[in-house]
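Have a look at the structure below, then the notes.
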Amino acid sequence: MSEPDEPTELERVSSLPSLPRDKDGPVFAEPWQAQAFALAVRLSTQGYFTWKEWAAALAEELQSASDRGNPDDGSRYYEHWLSALERLVAAKGLADFPALQARKEEWADAYRHTPHGKPVVLRQT
């Protein structure tokens, strides 16, 4: 149970900048967006990083995109979310960038070689 003045998980998530949402909460255009969202929430809940650290990493990523001339109009929000998550996971020593990049390339290769309508399956490594 949360302390009386500690925000709930839903309050923490709802306070994030630019979070695409409707009246029922966060919205996702693609399954991977929901998975990235859930992974960040889960890792924070399990204590790998605080919600304050997560919010700061996401805000930094959104600001960096804006500084590069790519302000977020909502269409790339979860790409920024994923980039922030990757940086934070690497900073916390949970995975390193080369391992993350290799996994992304494995996923892209599996996706390219999967017939339309079939589930994408990664080879066991």
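The values are calculated or read from the model by the stated rules, or taken from the named source; none is laboratory data. All values derive from a computational prediction rather than experimental measurement. Don't worry about glycine lacking a Cβ; one is built from the backbone with ideal geometry, like all the others, and counts go over all protein chains shown. Note: areas computed on protein heavy atoms with side chains; ligands, DNA, RNA excluded. Shrake-Rupley method; radii C 1.70, N 1.55, O 1.52, S 1.80 Å.
A 1.4 Å probe over all protein chains sorts 37, 28, 49 by accessible area into 28, 37, 49, starting with the largest.
Near residue 111, within a Cβ-to-Cβ distance under 14 Å, what is the net charge of the other residues, with Lys and Arg +1 and Asp and Glu -1?
Values: positive: 103, 104, 112, 118, 123; negative: 30, 105, 106, 109.
In short, +1.
Per residue, how much accessible area does segment 61-117 have with a 1.4 Å probe, in Å²? Walk me through the numbers before you get to the answer.
Values: 3730 Å² over 57 residues.
With the other protein chains kept in place, segment 61-117 gives 65 Å² per residue.
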